[in-house]
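A.B. asks: The following block contains the structure, expressed as structure tokens.
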Amino acid sequence: QALLVESGGGLVQPGGSLRRSCVASGSMFSTYVMGWYRQAPGKQRELVATFTSGGTAIYADSVKGRFTIYRINAENTVYLQMTDLKPEDTDVYYCKLQDMGKWGQGTKITVSS
């Protein structure tokens, strides 16, 4: 069963950039449908960006043009490159292996001056 390990959270100033990474164990990573979600306290977890089963990347409207999801299969890693960060992007971010409904451990990102 795949294990997901995330890294790349922390504090960043508004307008700054940050990259999240999520490494999956196992030999089948290239077949996995991977996505990123975020959750604010007291709110439901929401989709940020995900690959579809066909390999297309889709984004929440709130992050289009600012965030990019990409993957390097040889590294078993999916990334979320975040630019032009805003205070409203402050959340706990999770990666998800969509096929299995498996979540990473989540990491807090705080956008504040």
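A.B. asks: To the nearest 20 Debye, how big is the dipole of segment 19-73 about its Cα centre, given +1 on the beta carbon of each Lys and Arg and -1 on that of each Asp and Glu?
C.D. replies: Dipole size: approximately 200 debye.
A.B. asks: Tell me, what HN-Hα J-couplings in whole Hz come from the Karplus equation 6.51 cos²θ - 1.76 cosθ + 1.60 at θ = phi - 60° for each residue of segment 26-33, using x for Gly and Pro?
C.D. replies: Each residue's phi maps through the Karplus curve to give x, 9, 10, 4, 4, 8, 6, 8 Hz.
A.B. asks: Roughly how many debye, to the nearest 20, is the charge dipole of the chain about its Cα centre, given +1 on each Lys and Arg Cβ, -1 on each Asp and Glu Cβ, and no other charges?
C.D. replies: Result for the chain is approximately 60 debye, rounded to the nearest 20.
A.B. asks: Which value, in Å², gives the accessible area per residue of the chain when a 1.4 Å probe is used on the protein heavy atoms?
C.D. replies: Here the per-residue accessible area is 51 Å².
A.B. asks: Then there is this: Quick query: amide H of Ala2 versus all other amide H atoms, modeled in the peptide plane; which residues come in under 5 Å with a sequence gap of 5 or more or a different chain?
C.D. replies: Answer set, sorted by chain and number: none.
A.B. asks: Can I ask one more? With θ set to phi - 60°, apply the Karplus curve 6.51 cos²θ - 1.76 cosθ + 1.60 along segment 46-60 and write out the HN-Hα couplings as whole Hz, x wherever there is a Gly or Pro.
C.D. replies: After applying 6.51 cos²θ - 1.76 cosθ + 1.60, I find 10, 5, 9, 7, 7, 8, 8, 5, x, x, 7, 8, 10, 10, 5 Hz.
A.B. asks: Tally up the carbon and sulfur contribution to the accessible surface of segment 1-68 as a whole percent, 1.4 Å probe, everything protein left in place.
C.D. replies: Carbon and sulfur atoms account for 52 percent of the accessible area of segment 1-68.
A.B. asks: Evaluate the chain: find the radius of gyration of its Cα atoms, find its Kirkwood radius, and give the ratio Rg to Rh.
C.D. replies: Rg/Rh for the chain comes to 0.95.
A.B. asks: What residues qualify as long-range amide H neighbours of Arg71, i.e. H under 5 Å apart, gap of 5 or more or another chain, H built at 1.01 Å from N?
C.D. replies: Amide H neighbours of Arg71: Tyr79.
A.B. asks: Tabulate in residue order the Karplus-calculated ³J(HN,Hα) for segment 2-14, using 6.51 cos²θ - 1.76 cosθ + 1.60 with θ = phi - 60°, rounded to whole Hz; enter x for Gly and Pro.
C.D. replies: 6, 10, 10, 10, 9, 7, x, x, x, 9, 9, 7, x
The values are calculated or read from the model by the stated rules, or taken from the named source; none is laboratory data. Since we're looking at a predicted model, the values are computed, not measured. Please note: Cβ atoms are built from the backbone with ideal geometry, for glycine as well, and neighbour counts cover all protein chains shown. Note: areas computed on protein heavy atoms with side chains; ligands, DNA, RNA excluded. Shrake-Rupley method; radii C 1.70, N 1.55, O 1.52, S 1.80 Å.
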